[in-house]
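> Take a look at this one; I'll ask things after.
The values are calculated or read from the model by the stated rules, or taken from the named source; none is laboratory data. In this text, all values refer to a predicted model and were calculated from it rather than measured experimentally. The protein model used for the area step is the full one, side chains on, heavy atoms only, and it has no ligands, DNA or RNA in it. Shrake-Rupley method; radii C 1.70, N 1.55, O 1.52, S 1.80 Å.
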Amino acid sequence: MISNQILQNTIDGLREITRVDLCVLDMEGQVLASTENQPEDNSSEAAAFISSPADSQVVRGYQFFKVFDENQPEYILLAKGASDDVYMVGKMAAFQLSSLLTAYKERFDKDNFIKNLLLDNLLLVDIYNRAKKLHIPTEVRRVVFIIESNRDRVNAALDSVRIHCAGRAKDFVTAVDEKNVIVVRELAPHESYEEMIKAAQGMKDAVAAVEENEEIHVALGTIVGEIKEVSRSYKEARMALDVGKIFFDDRDIIAYSSLGIGRLIYQLPIPLCKMFIREIFDGRSPDDFDEETLTTINKFFENSLNVSETSRQLYIHRNTLVYRLDKLQKSTGLDLRVFEDAITFKIALMVVKYMKYMETLDY
């Protein structure tokens, strides 16, 4: 469960403090880590020690110790020397490795718990029972972030986010698929969405440092107050990620709470969308409008239906803009200067964007 590099770093640190050479073997007698450049072959002695009832013994100038994981031997630790001091160092090292096993198993169990929690794979009673067993608070404020990464670099992105969040012991960083990194963040009582947007920017920057020239998007759900609601925040973040790509493609960070009407349109069935577009445009599509007309429409909406400001920004005479709007009214039956017609037209444009996005997913 513990990587060989972690084992090596651990015994190297102990070697620097105690000046005693250490070696870690697996249950087959293979060397996993050693402070000696060329460790002696003790595989036969290790095999005999494993089968013996003793927890420690001295063989050929080495102290042998069994490292247990829940009463089952997991590693064999060798400490070079036969003195009482070496024995004490060996016992301390074995205890340290045993504690590492417990910590890594707990981390693994927590990671599995969080994944199943996000994916709604747990019954309500199991959520609270397992949270209690893993010492995870159940009634604290949390929010879920999703960092969309390059499919081929998701492991690097996961490591970057873990390093970025290393100072926050109560946060969980994991991945449930091959593309997205998930962060379940615990919030302080005073923290709000403003701080969460800043946190999302920090995560984006951390991933960008290892994924240059890649588009990175971060989405977050709503803040929830109980652990059973974490899966809802995750689903909201996933929706925000998709809706953001459709309607807010200029944003790299998007919150579920800021999706507006896009959230409603995203949940409409495609047949209903097609029927709506046919009713509004009589079989036509906004794609049929020329570039000049589309530019005029978008700028008119950007300026809150203000004719004067729109004509100024388009560098055209006010009467030219009025002529274009009149022409659009004749072809669609909608007058964008009338608020109700403008709302209908704006929704229709968003529905068309949604339909186009869904078509790309079908290929």
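> Rounded to the nearest 500, what is the 222 nm mean residue ellipticity of the chain from helices alone, with -39500 (n - 2.57) per DSSP H run of 4+ residues and division by all residues? It would help to have the intermediate numbers written out before the result.
Numbers: 13 runs with 190 residues, N = 363.
Rounded to the nearest 500, it is -17000 deg cm²/dmol.
> In segment 268-340, carbon and sulfur make up what percent of the accessible area (probe 1.4 Å)?
Details: 2450 of 4790 Å².
That fraction is 51 percent.
> Then there's this: Can you pull the percent of segment 84-222's accessible area that's carbon plus sulfur, 1.4 Å probe, other chains left in place? Write out the running numbers ahead of the final one.
On the way: 3840 of 7430 Å².
Ligands and nucleic acids excluded, carbon and sulfur reach 52 percent.
> Also: Hey, any idea what the orientation-averaged projected area of the convex hull of segment 140-248's Cα atoms comes to, in nm²? Could you put the intermediate results ahead of the total?
Values: hull surface 26.2 nm².
So the mean shadow area of the Cα hull is 6.6 nm².
> Same structure, new question: Which whole-number value in Å² is the accessible area per residue of segment 26-119, probe 1.4 Å? Walk me through the numbers before you get to the answer.
Values: 5090 Å² over 94 residues.
Dividing the accessible area of segment 26-119 by its residue count gives 54 Å².
> So, for segment 124-256, what is the accessible surface per residue at a probe of 1.4 Å, expressed in square angstrom? Before the final figure, lay out the partial values.
Numbers: 6450 Å² over 133 residues.
The answer is 49 Å² per residue.
> Can you flag which of Lys91/Lys133; Lys198/Lys353; Lys235/Lys274; Lys133/Lys198 are past 31 Å Cα-Cα? Provide the component values of the computation, followed by the final result.
Numbers: Lys91/Lys133 29 Å; Lys198/Lys353 29 Å; Lys235/Lys274 26 Å; Lys133/Lys198 33 Å.
Lys133/Lys198, as the Cα separations exceed 31 Å there.
> Sticking with this structure for a sec: Remind me, relative contact order of the chain in percent, using alpha carbon pairs under 8 angstrom and six or more residues apart? Please list the in-between numbers first.
Details: 492 pairs, mean separation 37.8, N = 363.
Relative contact order, the chain: 10 percent.
> Report ³J(HN,Hα) in whole Hz for each residue of segment 314-321, in order, from the Karplus equation J = 6.51 cos²θ - 1.76 cosθ + 1.60 where θ = phi - 60°; Gly and Pro get x.
Result, ordered by residue: 8, 6, 10, 5, 4, 5, 5, 5 Hz.
> Roughly speaking, what is the centre-to-centre gap between segment 115-162 and segment 291-363 when only Cα atoms are used, to the nearest Å?
Centre-to-centre distance over Cα atoms comes out at 43 Å.
> Hey, another quick one. State the three equivalent ellipsoid semi-axes of segment 1-112, derived from the C-alpha gyration tensor as the square roots of 5 times its eigenvalues, in descending order and whole Å.
Details: eigenvalues 93, 51, 34 Å².
They are 22, 16, 13 Å, listed from largest to smallest.
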